[in-house]
Amino acid sequence: MNKSVNKIAIVRLSALGDIVNSAIVLQFLHQHYPTMKIDWITEKSFAPLLQNHPYINKVHTLELKQLKKEKKLSLLKETVKYLRSLGPYDKIIDMQGLLKSSIVARLIGPNTHGFDKNSIRESAASFLYKTSSHISYDSNIIKRNCHLISDGLNFLIDEKMIQTKENIFPSKPFEFDGDPLRKNIAIVIGASWESKKYPKEKILELVNELNENCYIIWGNEEEKSDAQWISSNSDFAKVAPKFSLQELVSFISSCDLLIGNDTGPTHMAWAQNIPSITLFGPTNERMIFETSKNHAIHSPSKVDIFKINKNDFSIREIDVGIILNTAKELLQ
């Protein structure tokens, strides 16, 4: 890396799981360039996850969803003025690869870096970068994130470094209120699409077979209702409290195992080096980095990552017994 690169900005606006899977690069940047200042630009709702991170100098927040909803010219001008006031930065790296994130990066400054037109979801975004990196779009998401950073800043992140990573986020111990003789298992029942959700009836069957302390994590009122239904029909399931993002990290970091759909809280288990089982239907293992203790279980469906079928409900076909056996192996 050029010694003149002393301060960078990372643009990763959303969503929760993508931010979790992007934040792995922070520790590698710090290892190689410990004096570099790293700022992060994100949507305001996700900022608490990144605030007080030991390797982040400052978190800058935007409210693009509000801007899209209200469509006020004054709010647009205010946002543009705010972005142009940041920095200066030696390099701005867009880890999201969308047109909106590339525009944000370009408004911050001219020295932008991102995926090239053949590596990106929205190819138009690549034309706003000063420099770019190439890696196949269907490559593993963690490897894509690490390649973008390492290629853009001229250092190496190899697979062994990813395998032996430190916990991505700081956390505090969590005090469980369940049977101390049983394991503590987090169950993530939510997801951004209905087709990514494992049926609550099968989750009920699973927690009853596990015979451990199972805490059902929820993110909205519909999920809370499902969690209450599972809990009311099981002696082993409890509805988890409503967590802030930082509390959720601490809770998951204290669990013995997490089982969940392809969604943000599930990815947190891998981030915190906690054993996990991720269930896939319309998406696939590209979204996680599998290890000896972080497993994927996929439905029989064939997934085309270039054309995701949100009407693929094949996750419902995953046998409870397969999840149960994998869970028992990981708990041992």
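The values are calculated or read from the model by the stated rules, or taken from the named source; none is laboratory data. Model, not experiment: these values are computed from the prediction. In this analysis, Cβ positions are derived from the backbone assuming ideal geometry, glycine residues included, and neighbour counts consider all displayed protein chains.
Please find, within segment 232-282, the residue that is surrounded by the most Cβ atoms within 10 Å (Cβ to Cβ) out of those that are among the charged types (D, E, K, R) and more than 23 Å from VAL320 (Cβ to Cβ). Give the derivation first.
Applying the first criterion (among the charged types (D, E, K, R)) to segment 232-282 yields 235, 238, 242, 247, 256, 262.
Still in the running and more than 23 Å from VAL320 (Cβ to Cβ): 242, 247.
On the way: LYS242: 11, GLU247: 15.
Going through the qualifying residues, I end up with GLU247.
Among the listed residues ASP312, ASP304, which satisfies the condition of being surrounded by fewer than 20 Cβ atoms within 10 Å (Cβ to Cβ), in the same structural domain as ALA191 (by TED's automatic domain parsing) and touching a residue at least 12 places away in the same chain (Cβ under 8 Å)? Quick ask: steps written out before the conclusion?
Details: ASP304 fails: touching a residue at least 12 places away in the same chain (Cβ under 8 Å).
Selected residue: ASP312, the only one of ASP312, ASP304 that is surrounded by fewer than 20 Cβ atoms within 10 Å (Cβ to Cβ), in the same structural domain as ALA191 (by TED's automatic domain parsing) and touching a residue at least 12 places away in the same chain (Cβ under 8 Å).
Would you please name the residue that is surrounded by the fewest Cβ atoms within 10 Å (Cβ to Cβ), looking only at residues in segment 133-143 that are of a type outside the set (Ser, Thr, Tyr) and in contact (Cβ under 8 Å) with a residue 24 or more places away in the chain? Step by step, filter segment 133-143, then rank; the result is ASP138. Sub-6 Å Cβ pairs linking a first residue in segment 203-218 that is among the β-branched types (Val, Ile, Thr) to a second residue that is assigned to a helix (DSSP H, G or I), at least 6 apart or interchain, are ILE203/ILE230; ILE216/ALA227; ILE216/ILE230; ILE217/PRO265, ordered by first then second residue. Go through segment 105-146 and report how many residues are in contact with a strand residue (DSSP E or B) (Cβ under 8 Å, 6 or more places away or on another chain) and among the acidic types (Asp, Glu). Residues in segment 105-146 being in contact with a strand residue (DSSP E or B) (Cβ under 8 Å, 6 or more places away or on another chain) and among the acidic types (Asp, Glu): 1 in total.
Find the residue count for segment 199-213, including only residues that are among the polar types (S, T, N, Q) and closer than 14 Å to GLY321 by Cβ.
Matching residues across segment 199-213 total 1.
Scanning segment 230-246 for residues that are without any contact (Cβ under 8 Å) to a residue 40 or more places away in the chain and over 25 Å from GLU329 (Cβ atoms) yields SER231, SER232, ASN233, VAL239, PRO241, LYS242, PHE243. Evaluated against (1) among the small types (Gly, Ala, Ser); (2) surrounded by fewer than 17 Cβ atoms within 10 Å (Cβ to Cβ); (3) closer than 30 Å to GLU166 by Cα, GLY219 falls short on exactly one condition, (2). When we screen LEU257, LEU245 for residues that are of a type in the set (A, V, I, L, M, F, W, C) and under 17 Å from LEU16 (Cα atoms), the only hit is LEU245.
Here is the figure for segment 318-327: residues that are more than 17 Å from LEU204 (Cβ to Cβ) and surrounded by fewer than 16 Cβ atoms within 10 Å (Cβ to Cβ) total 1.
Hey, among GLY178, GLY190, which residue is surrounded by 16 or more Cβ atoms within 10 Å (Cβ to Cβ) and touching a strand residue (DSSP E or B) at 6+ places or on another chain (Cβ under 9 Å)? Show your work before the answer.
On the way: GLY178 fails: surrounded by 16 or more Cβ atoms within 10 Å (Cβ to Cβ).
Of GLY178, GLY190, the one residue that is surrounded by 16 or more Cβ atoms within 10 Å (Cβ to Cβ) and touching a strand residue (DSSP E or B) at 6+ places or on another chain (Cβ under 9 Å) is GLY190.
State whether the residues of segment 144-158 include one that is touching a helix residue (DSSP H, G or I) at 6+ places or on another chain (Cβ under 8 Å), among the charged types (D, E, K, R) and either touching a residue at least 40 places away in the same chain (Cβ under 8 Å) or closer than 27 Å to PRO34 by Cα (or both). No: segment 144-158 contains no residue that is touching a helix residue (DSSP H, G or I) at 6+ places or on another chain (Cβ under 8 Å), among the charged types (D, E, K, R) and either touching a residue at least 40 places away in the same chain (Cβ under 8 Å) or closer than 27 Å to PRO34 by Cα (or both). Could you list, in sequence order, all residues of segment 137-170 that are among the hydroxyl-bearing types (Ser, Thr, Tyr) and more than 19 Å from LEU98 (Cβ to Cβ)? Within segment 137-170, SER150, THR164 meet the criteria.
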